[in-house]
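*Asks:* I have a structure I would like to understand better, so I am pasting it below and will then ask my questions one at a time.
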Amino acid sequence: MPLDRRLELSPEEMRALGHRVVDLVVEHFSTLAEQPVAASASRAQMEARLREPPPDAPRGWEATVDRVAREVFAPMSHPAHPRFFAYVPGPGNFVGAMADALAAAFNPFAGAWMVAPGPAQVELVTVDWLRALCGLPEAAGGAFVSGGSMANLTALAVARHRRLGEDFGRAVIYCSDQTHSSVERGARVLGFRADQLRKLPVDGGYRLRMDALQGGVAEDAARGLVPFCVVANAGTTNTGAVDPMPAIAGLCRAHGMWMHVDGAYGAAAALTEAGRRALRGMEEADSISIDAHKWLFQPFECGCVLVRDGGALKDTFRLVPEYLRDSDRATEEVNFRDWGVQLTRGFRALKLWMTVQVFGMDALRDAVAWGVRLAEAAEQELRASQAWEVVTPAQLGIVTFRHRRPGLDDAGMDDLQRRMTAALAEDGFALLSTTVLDGRTVLRLCTINPRTTEDDVRETLRRLERFGRELA
Ligand SMILES: Cc1ncc(COP(=O)(O)O)c(C=O)c1O
């Protein structure tokens, strides 16, 4: 019997489905500011709505798309919402979303030049833009990965391969106690023991203390251990702090250590003059993580790992089994499968490439500068009111602060900040997250979305203050 259901729609149906999807997306982007920033649901509610065996009979695309809109995408927070200030927002843009749709539809195999030279060249070019942005030399190379976590893991794998080879039991990695947890997870995945990662103290600005780093390296070397890698932050997740990269680079050079810069969040600030000043020393790194799905306005997943010695990625990851020999051809052909962990990989570069083509780098530069300015405006607003204590000043689009409430003890104050955040989320107007600095719970605004207005920030702080008053 011939197969009569080939998982295909007619051209007319494809168009109709495509138009419906695009209408939904356009509606989403053009009404974001009027929508609640978050809608939550319990596990029980979601089970009731979505738990089912897979249907054997077709339900058709109309009903399915409607259901996605109603039951899948309604109960969620919107990371691209102008008042999503929590964690690191995901201020994706429409062009990037359409690029993802194109990449999914054409589905190039972005692991081998032979089968997708166009996508491979776009990836080479786009990586090179990020390489230049971060100040690495032309000989540097890189690849798109899922995000900052994978970029950090990949960089650590390259560092280990280059500096240690197979024998890494005595090696030590250094970073500040403000470093993103993905560094620790990456080290763990790579087989480093917990005692091989030194989380060092920070100064009053939450930057890695050089005396602690120098002391740690000297002490470990004296004990016969192998100081091997320093992970420097180019914008911590908590406060946007930048570690003293020129000094770290000097120390790494002096001791033959690898310098990795986690710029997953902050490296994009190098688009602006002020950002370049703040990130001085990043260009001396051996490797850098930068996430285009954060401050370069792409849909998730769009991270990038850059390595000063471009050949190091291939040296670390390349394996050519017999079934891939056909595509292992001329040396100028780049097979990105050799430059990281993934063999089959999607075409992540397209979204950033298309965004830059459509809007131009000046627009991205202005958008990054706007995010920096908004956090500064928030800081000014906070300083103008007795209700607030600024805990860390605006740095790379992040400001942290705390509601003042005389008479409450430390635990009560911590609890109040968390309850204010929950009340704001419940209200639906804006979303913030808390973090902990020096044992104290603080509120944190991350303002990297170019859709956000100064009024959005002002009104968010006004509501927060009201919740603080009411809850105390
Ligand atoms: C500084 C930093 N590094 C790494 C990561 C991890 O990135 P991802 O969530 O893309 O894996 C983050 C995420 O917020 C981050 O802020």
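The values are calculated or read from the model by the stated rules, or taken from the named source; none is laboratory data. All figures in this text were calculated on a predicted structure; none of them were measured in a lab. A quick note on method: Cβ atoms are made from the backbone with ideal geometry, for glycine too, and the neighbour counts reach across all protein chains shown. Only protein heavy atoms, including side chains, enter the accessible area calculation; ligands, DNA and RNA are left aside. Shrake-Rupley method; radii C 1.70, N 1.55, O 1.52, S 1.80 Å.
*Asks:* Only residues that are open to solvent by 10 Å² or more (accessible area, probe 1.4 Å), in contact with a helix residue (DSSP H, G or I) (Cβ under 9 Å, 6 or more places away or on another chain) and either more than 16 Å from the ligand (Cβ to nearest atom) or aromatic (F, W, Y) (or both): list them for region 148-165, please.
*Replies:* Answer for region 148-165, where residues must be open to solvent by 10 Å² or more (accessible area, probe 1.4 Å), in contact with a helix residue (DSSP H, G or I) (Cβ under 9 Å, 6 or more places away or on another chain) and either more than 16 Å from the ligand (Cβ to nearest atom) or aromatic (F, W, Y) (or both): R160, H161, R162.
*Asks:* Being open to solvent by 90 Å² or more (accessible area, probe 1.4 Å) and within 31 Å of the chain's Cα centre (by Cα) narrows it down to one residue among D23, D56; which is it?
*Replies:* D23
*Asks:* Among the numbered conditions (1) within 14 Å of the ligand (Cβ to nearest atom); (2) part of a loop (DSSP other than H, G, I, E, B), tell me where L319 comes up short.
*Replies:* Unmet for L319, out of (1) within 14 Å of the ligand (Cβ to nearest atom); (2) part of a loop (DSSP other than H, G, I, E, B): (1).
*Asks:* To continue, here is another question. Any residue at all in region 218-232 that is within 16 Å of the ligand (Cβ to nearest atom), in contact with a strand residue (DSSP E or B) (Cβ under 9 Å, 6 or more places away or on another chain), open to solvent by 50 Å² or more (accessible area, probe 1.4 Å) and over 27 Å from L296 (Cβ atoms)?
*Replies:* Within region 218-232, the subset within 16 Å of the ligand (Cβ to nearest atom) is 229-232.
Then keep just the ones that are in contact with a strand residue (DSSP E or B) (Cβ under 9 Å, 6 or more places away or on another chain); that gives 229-232.
In the following step, the residues that additionally are open to solvent by 50 Å² or more (accessible area, probe 1.4 Å) were identified as none.
Checked against the condition, which is being within 16 Å of the ligand (Cβ to nearest atom), in contact with a strand residue (DSSP E or B) (Cβ under 9 Å, 6 or more places away or on another chain), open to solvent by 50 Å² or more (accessible area, probe 1.4 Å) and over 27 Å from L296 (Cβ atoms), region 218-232 yields no hits at all.
*Asks:* Restricting to region 131-147, and then to whatever is open to solvent by 10 Å² or more (accessible area, probe 1.4 Å) and more than 14 Å from K314 (Cβ to Cβ), can you tell me which residue is nearest to the ligand (Cβ to nearest atom)?
*Replies:* S146
*Asks:* Could you grab me the full set of residues in region 351-401 that are farther than 30 Å from E123 by Cβ and polar (S, T, N, Q)?
*Replies:* Q380, S385, Q386, T392, Q395, T400
*Asks:* Can you name the condition, by its number, that A44 falls short on among (1) aliphatic (A, V, I, L, M); (2) assigned to a loop (DSSP other than H, G, I, E, B); (3) loosely packed, with under 10 Cβ neighbours inside 10 Å?
*Replies:* Unmet condition: (2).
Residues are listed down the side, and each one gets a yes or a no for (1) of a type in the set (A, V, I, L, M); (2) part of a helix (DSSP H, G or I); (3) touching a residue at least 12 places away in the same chain (Cβ under 8 Å); (4) open to solvent by less than 40 Å² (accessible area, probe 1.4 Å):
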site: Q386; (1), (2), (3), (4): no, no, yes, no
site: V390; (1), (2), (3), (4): yes, no, no, yes
site: Q417; (1), (2), (3), (4): no, yes, yes, yes
site: E426; (1), (2), (3), (4): no, yes, no, no
site: F429; (1), (2), (3), (4): no, no, yes, yes
site: N449; (1), (2), (3), (4): no, no, yes, yes
site: D456; (1), (2), (3), (4): no, yes, yes, yes
site: R462; (1), (2), (3), (4): no, yes, no, no
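*Asks:* Scanning region 252-269 for residues that are over 29 Å from V356 (Cβ atoms) and buried (at least 19 other Cβ atoms within 10 Å of the Cβ), which turns out nearest to the ligand (Cβ to nearest atom)?
*Replies:* By that ranking, first place goes to W258.
*Asks:* Filter region 238-251 down to the residues that are buried (at least 24 other Cβ atoms within 10 Å of the Cβ) and of a type in the set (S, T, N, Q) and list them by number.
*Replies:* T239
*Asks:* Continuing with this model, one more query. Every residue in region 283-310 that is crowded, with 24+ Cβ neighbours inside 10 Å and farther than 22 Å from D362 by Cα, please.
*Replies:* Selection gives A285, D286, S287, I288, S289, V305, L306, V307.
*Asks:* Just need a number here: residues in region 386-441 that are closer than 23 Å to S40 by Cα and of a type in the set (A, V, I, L, M, F, W, C).
*Replies:* Adding up the residues that qualify gives 10.
*Asks:* Quick one: would you say P89 is buried (at least 23 other Cβ atoms within 10 Å of the Cβ), of a type outside the set (A, V, I, L, M), within 16 Å of the ligand (Cβ to nearest atom) and under 18 Å from the mean Cα position of the chain (by Cα)?
*Replies:* Here the answer is yes, as P89 does meet what is asked.
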